[in-house]
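**Q** Can you keep this structure in mind? I'll have questions shortly.
Where a number appears in this text, it was derived from the coordinates with a stated rule and is not lab data. Bear in mind that the values here come from a model prediction, so they are computed numbers and not experimental data. No Cβ is skipped: glycine too gets one built from the backbone with ideal geometry, and neighbour counts run over all protein chains shown.
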Protein chains: 2
Amino acid sequence: MSDLLERLRGRGWRMTAQRRVVAEVLDGEHVHLTADEVHARAVTKLPEISRATVYNTLGELVTLGEVLEVSTDRRAKRYDPNAHRPHQHLVCARCGAIRDVHPTGNPLSALPDSERFGFTISDVEVTYRGLCPNCSASA
Amino acid sequence: MSDLLERLRGRGWRMTAQRRVVAEVLDGEHVHLTADEVHARAVTKLPEISRATVYNTLGELVTLGEVLEVSTDRRAKRYDPNAHRPHQHLVCARCGAIRDVHPTGNPLSALPDSERFGFTISDVEVTYRGLCPNCSASA
DNA sequence: TCCTACGATAGACTTTGTCTAAGTCAAGTA
DNA sequence: TACTTGACTTAGACAAAGTCTATCGTAGGA
């Protein structure tokens with residue numbers, strides 16, 4: 001679906017073949033791709049697209065709030081197109097599988113004022129780690 | 001204090017000048033240093049120490065459970081000597097300042113079974129992000 | 001159609017971290 | 001104390017992820 005493309009165009013985003021391809025790769029996928037994976041998929045649709053453009057475009061999509069950057073893993077950032085529903089992540093410590101999860105309550109409320117040290121807190125990231133069913137079966 | 005050194009020696013850790021220096025750098029600091037920062041401080045005490053040794057030693061301290069790896073920032077891992085008291089982190093989105101914080105309750109209990117997808121969860125990391133008093137004053 | 005500013009490109013560069021081969025040394029043994 | 005040995009350290013090459021820069025190309029308005 002081109003909801004994403006429509007929204008971007010509506011915001012005055014200059015549309016180019018490269019940007020369209022990157023947006024399409026993310027839009028169709030309910031997964032968490034690295035920049036390199038996005039590039040690999042984009043290349044199949046538009047062989048000349050460069051790594052720098054993929055990085056630039058991902059960065060813009062993040063700035064626009066259409067895509068979230070996820071750092072469940074120290075190696076590479078991942079890009080999560082599910083930016084419109086707040087959620088956290090559950091990560092398999094062995095195979096790296098990632099699931100979106102929706103904890104109950106607001107994680108911010110667990111942090112009393114006395115533990116905020118005068119900070120203005122705007123965001124909380126929660127990462128649950130463990131073994132997925134597959135990996136715990138073969139452990 | 002050399003609590004840390006004593007514990008390490010007690011575990012049969014072979015003591016070398018390099019390891020002592022790395023342990024001392026961490027032991028004295030209630031902060032969150034990157035590997036490079038640890039190396040920089042170690043070099044002032046032992047100029048010949050190499051980067052590889054610092055990485056090796058930090059890795060061993062993590063394996064031994066004496067130091068925690070913290071990834072509040074995508075650029076570099078940070079090493080937290082406060083491994084013996086469970087805590088989470090509060091990070092300034094602008095200047096990168098990090099504070100240890102102690103939320104109430106167990107963050108795991110916020111994740112219902114239906115949201116665990118069969119995973120065996122062993123750990124939860126929570127990172128609160130916002131602006132520290134300094135940065136929100138000058139924003 | 002033509003212009004022009006914005007976007008795309010290749011590739012060098014940077015940062016963070018890992019690996020390897022060769023040299024060094026802590027600590028056990030006699 | 002001197003010897004021995006395997007664990008530790010080193011320099012530097014390598015790798016992965018990402019950023020920067022100079023140049024070229026093109027989307028979209030006039």
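**Q** Suppose we keep just the DSSP beta bridges with both residues in the protein assembly as shown; what percent of those would be antiparallel, to 5?
**A** For the protein assembly as shown, the DSSP antiparallel bridge percentage is about 80.
**Q** Between copies, how far does the label point of B:Lys45 sit from its twins, in nm, shortest first, when each point is 7 Å from Cα along Cα→Cβ?
**A** Computed spacing set for this position: 5.4 nm.
**Q** Note the distances from A:Arg11 to each other copy's matching label point, with points 7 Å along the Cα-to-beta-carbon direction, in nm, sorted shortest first.
**A** 4.7
**Q** Work out the mean other chain Cβ neighbour count within 10 Å for the residues of A:72-78 and drop it here as an integer.
**A** Across the residues of A:72-78, the mean count of other-chain Cβ atoms within 10 Å is 2.
**Q** Once the Cα atoms of helix A:17-28 and of chain A are each reduced to a long axis, what angle between those two axes, in degrees from 0 to 90 to the nearest 10, is obtained?
**A** 40
**Q** Here is a follow-up. For the range B:3-80, treating each Cα as an identical point scatterer without solvent, what Debye log10 I(q)/I(0) comes out at q = 0.11 1/Å?
**A** -0.24
**Q** Here's another thing I want to ask about it. Kirkwood Rh and Cα-based Rg: tell me the resulting Rg over Rh for chain B, rounded to two decimals.
**A** Rg/Rh: 1.03.
**Q** For A:106-119, what's the mean count of beta carbons from other chains sitting within 10 Å of each residue's beta carbon?
**A** 6
**Q** Please list, in order along the range A:35-50, the HN-Hα scalar couplings obtained from phi with the Karplus expression 6.51 cos²θ - 1.76 cosθ + 1.60 (θ = phi - 60°), rounded to whole Hz, x for Gly and Pro.
**A** Karplus values, whole Hz, x for Gly and Pro: 4, 5, 5, 4, 4, 4, 6, 5, 4, 5, 9, 8, x, 7, 5, 9.
**Q** Separate question: Sorted from shortest, what are the nm distances separating the label point of A:Asp27 from equivalent points in the other copies, each placed 7 Å from Cα along Cα to C-beta?
**A** In nanometres, ordered from closest: 6.0.
**Q** Here is a follow-up. Taking 8 Å as the Cα distance limit and 6 or more residues as the minimum spacing, I'd like the relative contact order of the range A:3-56 as a percentage.
**A** Relative CO of the range A:3-56 lands at 34 percent.
**Q** If you don't mind, there's one more thing I want to ask. If one takes the longest principal axis of the Cα atoms in chain A, at what angle in degrees, from 0 to 90 and to the nearest 10, does the Cα axis of helix A:51-63 lie?
**A** That works out to roughly 60 degrees.
**Q** Just need the relative contact order of chain A here, percent rounded to a whole number, with Cα pairs under 8 Å and 6+ apart.
**A** Averaging sequence separation for qualifying contacts and normalising by length gives 19 percent for chain A.
**Q** Check the axis relating chain B to chain A and name the residue of B whose C-beta is nearest, distance in whole Å.
**A** Taking the axis that maps B onto A, the answer comes out as B:Val126, 3.
**Q** Averaged over A:87-96, how many beta carbons belonging to a partner chain fall within 10 Å of each residue's beta carbon?
**A** 3
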